[in-house]
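Q: Next up is a structure, given as structure tokens.
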Amino acid sequence: MLKKIADDLLKWYDHAARDLLWRQDKDPYKIWVSEIMLQQTRVEAVKPYYERWINRYPDAQTLADSSEEEVMRYWQGLGYYARARNLLRGVREVCSSYNGRVPDDKLAIQSIPGIGEYTAGAILSIAYDRAEPAVDGNVLRVFSRLYCISEEISQANVKKRIAELVRQAIPTERPGDFNQALMELGATVCTPRNPCCSDCPVIDFCVAFQKQRQADLPVKRQKTRAKAILLASVIIQQQDRYLLIRRPNQGLLAGMWEFPTVEIIEESAIESSLSEYLQRIAGVSFAMGEKMFDLTHLFSHRKWEISFYKGSVSINEKAQSLGETSKTAQYGWFYPAEWPQLCFAGPHQKAVHYLLSAKNNDS
């Protein structure tokens, strides 16, 4: 049965596989990049980012030699920035310890920052033809239906069970294509909702289909509702430059730029909170103006609801002068023409687009 599943799946994959840039060769570095980008991000969304990334960083050494600031800028828009930081750390490890070649040993590859069991399996099978499973969300869904597994799939023992089933099914010939076929099947046919069972190449082996339970599987843990956090941001312009603050090097959106922002505890205290913050961070006295616009930005575990206000400041002798801005500083004054060279925190990138659009409409 397992051999027939593999044969039928590969036969289907040979004519149904999408033409994707990262499938054009077996370069382990490129496979690595694509797999990290595809985590928690749709294929269609990844395509332009991957092409742009590979044009700029065609190999591991080029990426390793680049600054984190620039790498974050090229990642901007994909979200989950820890992925990019870990990728950079991992690539630098590969270049320093393995002469720029991604290792083909499972223990070695899993010791590299940012490479877990799934990514290791994907690289080893696709780039090096190793019969290693690569179990992502698509594969968990496909096998939970094939074997009608009714336990909740995020449990470690369930994941381990499915990984073992995949290992038993994976052929020694074309293991990378087999893993990609499973992912392709989950992405295009065995979808989370309304699976296209009539198009499934392994429908004859699907126990969930036989029991008409495919709509019930996989069983997932109930998602917790994202916590709403109210924030206030201020747009401050001085001599055609705008005040930006760099976030701390640890934590959410680490090291990225934003307009001055505080969390709202009490609405009546917005101006005083911003005043205290700006005096402490940038040494400026602040006066708040009218509200300009609101933005909502959803993270996996929280939702930012941000109100943006106009503001004005007076700069004292201790504050950084407008002519001394450093991109490594805690804050700085930047012309709009310099904004593309900065890596903005996600919701503040939306604010940048809003401001630039308004500026263009006024001109």
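Q: Quick query: amide H of ALA329 versus all other amide H atoms, modeled in the peptide plane; which residues come in under 5 Å with a sequence gap of 5 or more or a different chain?
A: Result for ALA329 returns nothing.
Q: Each residue of the stretch 146-152 in turn: what ³J(HN,Hα) in whole Hz from Karplus with 6.51, -1.76, 1.60 and θ = phi - 60°, glycine and Pro shown as x?
A: These are the phi-based 3J(HN,Hα) values: 4, 9, 6, 8, 9, 6, 5 Hz.
Q: A further question follows. Please check: in the Gaussian network model of the chain (C-alpha springs, under 10 Å), which one of GLU258, GLU35, GLU173 has the largest mean-square fluctuation.
A: GLU173
Q: Separate question: Hey, if you put +1 on the Cβ of every Lys and Arg and -1 on every Asp and Glu Cβ in the stretch 2-216, which of CYS148, LEU63, TYR98 ends up farthest toward the positive end of that dipole?
A: So the residue furthest toward the plus end is CYS148.
Q: So what's the back-of-envelope 222 nm ellipticity for the chain, counting only DSSP H runs of four-plus at -39500 (n - 2.57) apiece and dividing by all residues, rounded to 500?
A: It comes out at -13500 deg cm²/dmol, rounded to the nearest 500.
Q: Now, a different point. Please report the antiparallel percentage of DSSP beta bridges with both residues in the chain, rounded to the nearest 5.
A: Antiparallel bridges make up about 65 percent of those DSSP assigns within the chain.
Q: Just PHE308, PHE286, PHE299 to compare: in a GNM of the chain, with alpha carbon springs under 10 Å, which one fluctuates most?
A: Greatest mean-square fluctuation among the candidates belongs to PHE299.
Q: Another question, if that's okay. Using +1 on the beta carbon of Lys and Arg, -1 on that of Asp and Glu, and nothing else charged, what's the dipole of the chain about the Cα centre, debye to 20?
A: 780 debye
Q: So, one more: Connecting C-alpha atoms closer than 10 Å in a GNM of the chain, tell me which of GLN24, GLN214, GLN330 has the biggest fluctuation.
A: GLN24
Q: Go ahead and run the numbers for FRET between LYS220 and ARG280, Cβ-Cβ distance against an R0 of 45 Å, rounding to 0.05.
A: 0.55
Q: Need the full-extension length gain, ASP105 to LYS159, defined as separation in residues times 0.36 nm minus the C-alpha distance. One decimal, nm.
A: Here the segment from ASP105 to LYS159 would lengthen by 17.2 nm.
Q: Hey, another quick one. With a cut-off of 8 Å between alpha carbons and a minimum separation of six or more residues, what is the relative contact order of the chain in percent? List each step's numbers first, then the result.
A: Numbers: 541 pairs, mean separation 53.1, N = 363.
For the chain, the relative contact order is 15 percent.
Q: Determine the gain in length on full extension of the stretch PHE293-GLU51; use 0.36 nm per residue of separation and subtract their C-alpha separation, reporting nm with one decimal.
A: 83.8 nm
Q: Which of LEU217, PHE286, ILE235 sits farthest toward the positive end of the charge dipole of the chain, with +1 on the Cβ of Lys and Arg and -1 on the Cβ of Asp and Glu?
A: LEU217
Q: Of [x] -0.52, -1.05; [y] -0.44, -1.02; [z] -0.36, -0.97, which one was derived for log10 I(q)/I(0) by the Debye sum over Cα atoms at q = 0.08, 0.13 Å⁻¹ from the structure shown?
A: Answer by label: [x].
Q: Over 22 Å between Cα atoms: which of LYS11/LYS106; LYS160/LYS227; LYS310/LYS359 fall into that group?
A: Pairs exceeding the cut-off: LYS11/LYS106; LYS160/LYS227.
Q: Turning to a different aspect of this structure: Please compute the net charge surrounding ILE229, taking Lys and Arg as +1 and Asp and Glu as -1 over other residues with Cβ under 9 Å from its Cβ.
A: On the way: positive: LYS227, ARG302, LYS303; negative: GLU263, GLU305.
Once all neighbours under 9 Å are counted, the net charge is +1.
The numbers here are math on the coordinates, done by the rules we state, and not lab data. These numbers were taken from a predicted model, which means no experiment stands behind them. Cβ: placed from backbone, ideal geometry, glycine included. Neighbour counts: every protein chain shown.
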